[in-house]
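Novice: Have a look at this one.
The values are calculated or read from the model by the stated rules, or taken from the named source; none is laboratory data. Only a predicted model underlies this, so the values are computations on that prediction, with no experimental measurement involved. Every residue, glycine among them, receives a Cβ derived from its backbone with ideal geometry; neighbour counts consider all protein chains shown. Each accessible area value is taken on the protein alone, full model and side chains, heavy atoms only, with ligands, DNA and RNA left out. Shrake-Rupley method; radii C 1.70, N 1.55, O 1.52, S 1.80 Å.
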Amino acid sequence: MLTHAPPRKDAAARLAADIRRRVVEMSGAPGGARLGGSLSVADLLAVLYGEVLRQPAGDGASSGDRDYLVLSKGHASAALYAALAATGLIPDAETGTYRQDGSRLAGHPLRRLPGVDFATGAPGQGLSLGLGVALAGRRYGYDNRAFVILGDGELQAGSTWEAAMAAAHLGADNLVAVVDRNGWQGGRRTEDRMALEPLADKWTGFGWDVLRIDGHDHGQIRRALEGPVRPGRPTVVLARTVAARGVPGLHDTRRGNTAVLDAQARRLALAALAGERP
């Protein structure tokens, strides 16, 4: 049976690099990969899976002994699969089947994998799912937390704000929303599609405690995810990130939204990432 052995804190950078490498390799799959939004969350997932989440795949643990992660921005599935493989939750070679017929690794996460408790991808649904998990844990007296990774573009969905309003009203302080603020949505800047700023003020107005961090700085990520800022209030972490970070020609561009990289392009991308320091 595959088990989860979290890396030590000093291994977080290596785990993030491993996730990025696997994401680039998966970009050679049929239809490519959502490279921009997958690479922007690599460091967030590295800290979550490497240091924060308790029993993320269940591993026979009771519901009260594990934490939950909802990848609301399901289009970044390549990064999630990379994290699962890098931490031993799925077979290492399985990432080579990404988006192939019959593979468990679909373009959006499905409930076929350890730790994937919800199928996601429809914009604006993940925060409601995370809130439900958080409230269930509190109702049964569990000491666990629910983490939801949101894309900044999906904050334009009204259902996200319905969940945000309910979470604050119900005092769900075991709920942590992490917004991947890479600034891109479907090949256009989020502020051009529908302005989100002042984003921190919006969350504050809905009754959340707001933390603003560099989403590629492991120390900042770690501190932000340590626990609730104040009892009785949910926490949102606005993580400023870079889409397709470190990949030549795609770094922070619309071309990184969905990319199919041939063998040579993957070699160049991996060479560039090998010299990167998170």
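Novice: Translational diffusion coefficient of region 141-247 at 20 °C, 1.002 mPa s, Stokes-Einstein with Kirkwood Rh over Cα pairs, in µm²/s as a whole number.
Specialist: 150
Novice: What FRET efficiency would be calculated for the residue pair L270, E94, taking the C-beta separation as r and a Förster radius of 22 Å, to the nearest 0.05?
Specialist: For L270 and E94, the calculated efficiency is 0.70.
Novice: Another question, if that's okay. Whole number in Å², please: accessible area per residue of region 166-213, 1.4 Å probe, ligands, DNA and RNA not counted. Provide the component values of the computation, followed by the final result.
Specialist: Details: 2120 Å² over 48 residues.
Ligands and nucleic acids excluded, the result is 44 Å² per residue.
Novice: D262 accessible area, nearest 10 Å², 1.4 Å probe?
Specialist: Approximately 90 Å² of D262 is accessible to the 1.4 Å probe.
Novice: Taking every DSSP beta bridge that has both residues in the chain, what percent is antiparallel when rounded to the nearest 5? Each step should come with its number before you reach the end.
Specialist: On the way: 3 of 25 bridges.
Roughly 10 percent of the DSSP beta bridges within the chain come out antiparallel.
Novice: Hey, another quick one. Grab the beta carbon distance between R104 and S63, set R0 = 30 Å, and tell me the FRET efficiency rounded to 0.05. Working shown, then result.
Specialist: Numbers: r = 23 Å, r/R0 = 0.77.
That gives a FRET efficiency of 0.85.
Novice: Same structure, new question: Grab the beta carbon distance between R54 and S159, set R0 = 25 Å, and tell me the FRET efficiency rounded to 0.05.
Specialist: 0.35
Novice: Which Cα, out of A134, L80, A243, lies furthest along the positive dipole direction of the chain (beta carbon charges, K/R +1, D/E -1)?
Specialist: About the Cα centre, the residue reaching furthest to the positive side is A243.
Novice: Follow-up question, since we're still on this one. To the nearest µm²/s, what D does Stokes-Einstein give for region 25-116 at 4 °C and 1.567 mPa s, using the Kirkwood radius over alpha carbon pairs as Rh? Walk me through the numbers on the way to the answer.
Specialist: Details: Rh = 13.4 Å.
Taking Rh from Cα pairs, D becomes 96 µm²/s.
Novice: Another question, if that's okay. For region 58-113, what is the charge dipole size about the Cα centre, in debye to the nearest 20, if Lys and Arg each add +1 at the Cβ and Asp and Glu each add -1 at the Cβ? Can you show the working numbers first?
Specialist: Numbers: 6 positive and 6 negative charges, 51 e Å.
The dipole of region 58-113 has a size of about 240 debye.
Novice: Shifting gears a bit: Considering only protein heavy atoms and a probe of 1.4 Å, how much of the accessible area of the chain is carbon and sulfur, as a whole percent? Intermediate results must be reported in sequence, preceding the final value.
Specialist: Working: 5920 of 11760 Å².
C and S atoms contribute 50 percent here.
Novice: So what's the back-of-envelope 222 nm ellipticity for the chain, counting only DSSP H runs of four-plus at -39500 (n - 2.57) apiece and dividing by all residues, rounded to 500? Please report the intermediate quantities before stating the final value.
Specialist: Values: 10 runs with 92 residues, N = 278.
Value at 222 nm, helices only: -9500 deg cm²/dmol.
Novice: Could you list the trypsin sites (Lys or Arg not before Pro) in region 32-76 that lie in coil according to DSSP, counting only those with at most 16 other Cβ atoms within 10 Å of their Cβ?
Specialist: In loop regions of region 32-76 (DSSP not H, G, I, E or B), the sparsely surrounded trypsin sites (Lys or Arg not before Pro) are R54.
Novice: Then there's this: In square nanometres, what is the average projected area of the Cα convex hull of the chain? It would help to have the intermediate numbers written out before the result.
Specialist: Details: hull surface 52.9 nm².
That works out to 13.2 nm², a quarter of the Cα hull's surface.
Novice: Okay, next question. Suppose all protein chains stay in the model; what accessible area per residue would a 1.4 Å probe give for region 70-127, in Å²? Kindly include the intermediate steps, with their values, before the conclusion.
Specialist: Working: 2100 Å² over 58 residues.
Using a 1.4 Å probe on heavy atoms only, each residue of region 70-127 averages 36 Å².
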